[in-house]
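Participant: So that we are looking at the same thing, I have put the structure below in structure tokens.
Values in this text are rule-based calculations from the coordinates and carry no lab data. Owing to the predicted nature of the structure, the values given are computational and were not obtained by experimental measurement. Don't worry about glycine lacking a Cβ; one is built from the backbone with ideal geometry, like all the others, and counts go over all protein chains shown.
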Amino acid sequence: MTTFKLDIRDVTKRYGEAVALLPTNLQVAQGEFLTLLGPSGSGKTTLLMMIAGLTETSGGQILLDGRDITQTPAYRRDIGVVFQNYSLFPHLSVFENVAFPLRMRKCAEGQVKAAVQRSLDMVRLGHLAQRLPRELSGGQQQRVAFARAIVFDPQLVLMDEPLGALDKKLRDELKLEIRKLHGELKKTIVYVTHDQDEAMLLSDRVCLMNEARVEQIAPPVALYERPRTRFAAGFVGESNLIQGTVRGGAIAVGQGMLSTAHADLLPVEGRPVTVLVRPERLRIVAVPDAAALRGRVVDVIDLGAVRRLTIAGEHGDTLTMTMLGGDQPVSPGATIALAVAANDVVPLAEDAS
Ligand SMILES: Nc1ncnc2c1ncn2[C@@H]1O[C@H](COP(=O)(O)OP(=O)(O)O)[C@@H](O)[C@H]1O
Ligand SMILES: [Mg+2]
């Protein structure tokens with residue numbers, strides 16, 4: 001039997017009548033980078049804080065390495081945590097901030113020195129050990145917070161929107177740094193963000209959350225290519241949602257017909273269905289077969305590297321299509337035929353309501 005690094009079983013949180021997290025199950029493998037992605041208020045922080053032991057559960061169990069830690073106090077869980085607002089001690093040097101978890105654990109001085117140095121070198125701040133937090137930039141402060149979270153070699157590292165307070169350029173830099181750190185440390189990380197790009201770049205798997213529950217768990221590319229619901233399709237990437245009717249295992253859309261490689265996801269014959277097609281998966285075809293979608297180009301935006309077309313589909317929906325900037329030019333007003341590979345036509349589940 002596999003033991004997961006982290007095993008969340010029916011964990012739930014209520015505040016009085018309000019449900020912050022519906023009963024949730026989630027398993028994280030050793031060394032995995034799992035991201036909780038979702039809009040504000042979807043329950044990400046609540047789940048993370050229950051894993052950390054900083055918020056009590058209202059039900060369910062949390063296992064770390066197969067051990068039930070649901071009632072274990074935070075400081076004995078062997079979990080490192082990084083928050084959005086650095087939360088460094090302002091009166092302690094960088095060195096002492098990072099040393100703090102080791103002092104709590106009453107480690108010997110020699111051990112403290114070595115571990116703090118190693119940790120600070122890891123985040124490239126070894127030379128600033130004697131500074132105070134206020135003498136550092138926001139990005140540097142957050143790197144100190146990372147160093148503090150890993151200095152005691154925890155079983156698990158949790159990060160709650162750690163880049164949220166930084167400007168875009170720093171965010172982009174630190175994103176890559178976190179990715180590199182994960183590669184080097186091989187730590188199990190549970191990371192919270194509402195930023196899909198961050199989630200896509202960092203994660204082995206993304207746990208998409210919506211309204212206090214898990215919407216879908218999948219590797220980034222799978223989440224992009226095969227979202228299960230409208231919410232998932234809309235939250236990650238851009239989407240065309242096309243309304244059609246199931247006909248013989250394909251989707252009739254106006255006069256056109258879309259084949260899908262995911263016919264197992266279709267409702268029964270004759271039922272309405274919504275399918276997702278990503279903008280870059282639409283292709284203009286010069287010699288359309290009878291089944292292609294047709295439309296009129298209403299807008300062309302050339303962004304250099306890519307070109308975005310807005311197309312009024314003959315079947316009624318407006319479509320967005322992206323193509324490479326170097327592709328054959330297209331003019332507004334042109335009537336075009338569009339094709340999509342069957343693998344890129346993804347039926348969506350009816351929204352749970
Ligand atoms: N201490 C609290 N008391 C009451 N409601 C709370 C508390 N903390 C969080 N909530 C509610 O729980 C829900 C989930 O919040 P949270 O986990 O912070 O979401 P996220 O991190 O995804 O933005 C929200 O509706 C929020 O208002
Ligand atoms: Mg939050």
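Participant: For the range 1-99, list the strands (runs of 3 or more DSSP E) that sit wholly inside it and hold at least 3 residues that are crowded, with 21+ Cβ neighbours inside 10 Å; which are they?
Facilitator: In the range 1-99, the matching strands (runs of 3 or more DSSP E) lie at 6-15, 18-28, 33-37, 79-82.
Participant: Okay, next question. When both residues are 6+ apart or on different chains and their Cβ atoms are under 7 Å apart, which pairs have a first residue that lies in the range 11-32 and is touching a residue at least 24 places away in the same chain (Cβ under 8 Å) and within 16 Å of ligand 2 (Cβ to nearest atom), and a second that is of a type in the set (D, E, K, R) and in a strand (DSSP E or B)?
Facilitator: That search, which allows pairs on different chains as well, returns ALA20/LYS13; ALA20/ARG14; LEU21/LYS13; THR24/ARG213.
Participant: Additional query: For a quick check of your reading of the model, give me the residue pairs whose first member lies in the range 315-341 and is closer than 18 Å to GLU280 by Cα, whose second is of a type in the set (Lys, Arg), with beta-carbon atoms closer than 6 Å and at least 6 apart or on different chains.
Facilitator: Qualifying pairs under 6 Å: THR322/ARG308; MET323/ARG307; GLY325/ARG307; ALA337/ARG294; ALA339/ARG283; VAL340/ARG281.
Participant: Out of everything in the range 153-172 that is surrounded by fewer than 17 Cβ atoms within 10 Å (Cβ to Cβ) and within 16 Å of ligand 1 (Cβ to nearest atom), what residue ends up being farthest from the chain's Cα centre (by Cα)?
Facilitator: The selected residue is ALA165.
Participant: May I ask you to list pairs of residues, at least six apart or on different chains, whose Cβ atoms are under 9 Å apart, with the first in the range 92-119 being free of Cβ contacts under 8 Å to residues at least 60 places away in the same chain and the second being of a type in the set (Asp, Glu)?
Facilitator: Short answer, once both residue conditions are applied: VAL94/GLU135; ARG103/GLU96; ALA115/ASP153; VAL116/GLU96.
Participant: Looking only at residues in the range 39-53 that are among the β-branched types (Val, Ile, Thr) and near ligand 1 (Cβ under 7 Å from one of its atoms), which one is nearest to PHE83 (Cα to Cα)?
Facilitator: THR45
Participant: Taking the range 173-207 as the search range and keeping residues that are within 15 Å of SER119 (Cα to Cα) and in a loop (DSSP other than H, G, I, E, B), which one is farthest from ligand 1 (Cβ to nearest atom)?
Facilitator: Within the range 173-207, the match that is farthest from ligand 1 (Cβ to nearest atom) is LYS186.
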